[in-house]
Amino acid sequence: MINTSIELQNITKIYRLKKYFNATPEQIKETLFLEYSRIPRSVMSELIETKDASEFLKKLAESPYKLFVDDNEFVYIEYYTEKINYHLAKRFMRFSTDSALVYMTYKIVYQVEIDNLKHIIEGLRYGETPSQIESMLIY
């Protein structure tokens, strides 16, 4: 679960570096903690080598994480990485017999649910429609 979290943080970094800083693959590799979990080294290299953020998202949609991401409109990269982390944590929490892992996954699920409450409160405060608020929630 820790390796997956690191990998998801790397995915977020790659996307942001490509989208906002037009970073080169060499610059990107310097910032990553290359720990491989679900995405093989070759696929991660392909993600790093993509020319821009939109191509990166297309490649990511073909990765092993495609099972955890729905076809809704792109919200922001952290939404997808948190959603993946949340669903994996829920699965590990249900089926694991390791108490430390269950506690760690509980903390992940707990944090996502707290973030959902924040999104609801902020959405109501700023007068967002229920559908806009719902699009920001992870469940």
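The values are calculated or read from the model by the stated rules, or taken from the named source; none is laboratory data. Remember, it's a predicted structure, so these values are computed and weren't measured experimentally. With ideal geometry, Cβ positions are generated from the backbone for all residues, glycine too; neighbour counts draw on all protein chains shown.
Residues I77, I133: which one is surrounded by 11 or more Cβ atoms within 10 Å (Cβ to Cβ) and modelled with pLDDT under 90?
The conditions single out I77.
Being closer than 30 Å to A100 by Cβ and under 15 Å from the mean Cα position of the chain (by Cα): is that true of E78 here?
So E78 passes the test.
I'd like to verify a number: residues in region 5-27 that are more than 30 Å from M93 (Cβ to Cβ), surrounded by fewer than 19 Cβ atoms within 10 Å (Cβ to Cβ) and among the hydrophobic types (A, V, I, L, M, F, W, C), how many?
2
So which residues in region 34-58 are buried (at least 16 other Cβ atoms within 10 Å of the Cβ) and among the basic types (K, R)?
Of everything in region 34-58, just one residue is buried (at least 16 other Cβ atoms within 10 Å of the Cβ) and among the basic types (K, R), namely R38.
In contact with a Pro (Cβ under 7 Å, 6 or more places away or on another chain) and either modelled with pLDDT under 95 or outside the structural domain of S5 (by TED's automatic domain parsing) (or both), is that true of R38?
It is true that R38 is in contact with a Pro (Cβ under 7 Å, 6 or more places away or on another chain) and either modelled with pLDDT under 95 or outside the structural domain of S5 (by TED's automatic domain parsing) (or both).
May I ask you to say which residue of V102, V109 is in contact with a Phe, Trp or Tyr (Cβ under 7 Å, 6 or more places away or on another chain) and in a helix (DSSP H, G or I)?
Just a single option satisfies the conditions, and that option is V109.
Among the listed residues I108, I84, I114, I2, identify the single one that is assigned by TED's automatic domain parsing to the domain that holds S131 and surrounded by fewer than 18 Cβ atoms within 10 Å (Cβ to Cβ).
I114
Among residues belonging to region 14-23 that are without any contact (Cβ under 8 Å) to a residue 60 or more places away in the chain and in contact with a Phe, Trp or Tyr (Cβ under 9 Å, 6 or more places away or on another chain), point out the one that is farthest from R41 (Cα to Cα).
Checking each candidate, the answer is K19.
Please tell me if K90 is under 19 Å from N3 (Cβ atoms), at pLDDT below 90 and out of contact with any Cys (no Cβ under 6 Å at 6 or more places or on another chain).
Answer is no for this residue.
List the helices (runs of 4 or more DSSP H) inside region 3-74, counting only whole elements, that have at least 1 residues being farther than 29 Å from Q132 by Cα and in contact with a helix residue (DSSP H, G or I) (Cβ under 9 Å, 6 or more places away or on another chain).
Because the criterion is at least 1 residues that are farther than 29 Å from Q132 by Cα and in contact with a helix residue (DSSP H, G or I) (Cβ under 9 Å, 6 or more places away or on another chain), the helices (runs of 4 or more DSSP H) in region 3-74 that meet it are 25-31, 41-49.
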